[in-house]
Amino acid sequence: MAGHILIADSVPTSRITMKVMLSAAYYDVAMASCADDVLTNAATSHPDLIIIDSDLGDTGAVGVCTRLKATDASRHIPIAVVGPDTTEHRIAALRAGADIYLIKPLDRVALLAHMRALVRVSDIASELKRRTQTALEMGFPTDTTPPVTPSHIVIASPYVDDAVKLRSSLRGLINSDVDVARYDKETHSIHTTRNADLVIISSDFRNLRDDLLLLSNIRAIKKTRHAAVMVLYPERKKIDAILALDIGANDIMPLNSDPDELALRIRTLIARKREADRLRDTIDHGMRLASVDPLTGLYNRRYAMPHLERLVHETTLTNVPLAVMLVDIDDFKSVNDTFGHAIGDTVLVEVARRIRDTLRPQDLVARIGGDEFLIAMPATTAQSAHAAAERIRNSVCTPPISTTGNRDLIGASISIGVAMSTQIAPNSVSVSGLIDIADTALYASKSDGRNQVTFGATAA
């Protein structure tokens, strides 16, 4: 399934119509007809996304959003509100905590694109909760307090005058530092001197290829890689803007949108982005000493195994596929024997960095032995796992690893064994079972010549 979505609408025909639309896109859909049902479902089944009709119940979507955001079990769940095309309805829903407001009648293409983007957000929030819970169970303190420093917004546009005008319109509406990035029209990339919390792309979409290339480059640049992305578009280019959601944009809005609505959606995007930052930085110094490998900075076995147990438990409950990989550096002993252990450590650190940088924030990667790594990828199909494993393998192979100021280069490769939870009967999935399958597959990769990816015998 693409994700679990809860539909809340007091009109049966509307609920059913929405369910048919989402089920056709392979979402697992549940339905609720009142506010109490929404709260109960959110607390027990933990949907990836909640869609609420603006007229639900006595308090409408605004009241339901307020209650959801006030409850620990549901405050991280993304919310989409569906209603009439009025500024009053949109602003009220966004102020109450909705991530997005969709206008009736719904456009199927736009709806599904927004659903995919919001489910990606939900994956990050769910992983933050998992890691926090794992840390608490291990007896370590965690800090999920939002930062108080002003956020940083970067405006990217091929038209400097438009970017400056947008920056002026945002002043006084948001408590953020807003800069206009230098836009390179030759490479379709931007240059900024600070890490960005949000990048706003303001474009007329005259050249769709260039705009999408800019979005792709934003995800590749270190200072903007983890930033949320908002795309502003002309009304006539809505279809092109919708495509941007699947390329990596978090939200899209018309260029002539109400400034207050734009400010509210910007605040939501920044809050979600900083939540993702905390996912990467959630372990404090005390926990890091006990749960992180001091050489590579990856999690160690002590942390990884309880966390993997939690992932397996969730997979058993939801039947959402989980991929587990074992990774081994090829001929690592010869590196130590030939170059010494100091160079061997350099190779280990660089291989670990390349693996970590290739994975999603919600994926688990740990060093569990001398030159052996464990990777767990929740909500991942066999096809996606294979693509990810090949990306990891290629990232380690190229380029060679520099050991002494680029003068000495060492070629490295890895072998990978992959196990899928779908290889095991739903009620029998276990950590030991998955690791056994991955270990056997890893041995096959080694035996067949190294530097390759092998799936367990029954994987797709």
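None of the figures in this text is laboratory data; all of them are computed from the coordinates on show. Source: prediction; values computed, not measured. When we count neighbours, we look across all protein chains shown, and the Cβ atoms used for this are built from the backbone with ideal geometry, even at glycine.
Numbers for the structure displayed
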read-out: Helix-only CD estimate at 222 nm, as mean residue ellipticity for the chain, using -39500 (n - 2.57) per DSSP H run (n ≥ 4); value: -15000 deg cm²/dmol
read-out: For the chain, size of Cβ-based charge dipole, Lys and Arg +1, Asp and Glu -1, in debye; value: 560
read-out: Using a Förster distance of 30 Å, the FRET efficiency for T71-R225 (Cβ separation, nearest 0.05); value: 0.40
read-out: Dipole-positive endmost among S23, S126, Y233 within the chain (Cβ charges, Cα centre); value: Y233
read-out: Under-5 Å amide H pairs with V292, H placed in peptide plane, nonlocal only; value: N300
read-out: Electrostatic dipole magnitude of region 371-450 [Cβ: Lys, Arg +1; Asp, Glu -1; Cα centre; debye, to 20]; value: 220
read-out: Gained length - I239 relative to K446, 0.36 nm times residue gap less alpha-carbon distance; value: 69.8 nm
read-out: Of K69/K104; K185/K223; K69/K238; K104/K237, those spanning more than 28 Å from alpha-carbon to alpha-carbon; value: K69/K238
read-out: Cα-derived Rg over Rh, computed across region 151-281 with Rh taken as Kirkwood radius; value: 0.92
read-out: Cross-link partners of K273 among aspartates and glutamates (Cα-Cα below 15 Å; sequence separation of 8 or more within a chain); value: D99, D123, E127, D197, D251, D281
read-out: Estimated dipole of region 292-455 in Debye, rounded to 20 [Cβ of Lys and Arg +1, of Asp and Glu -1, Cα centre]; value: 300
read-out: Long-range HN-HN contacts of G3 with modeled amide H, under 5 Å; value: D28
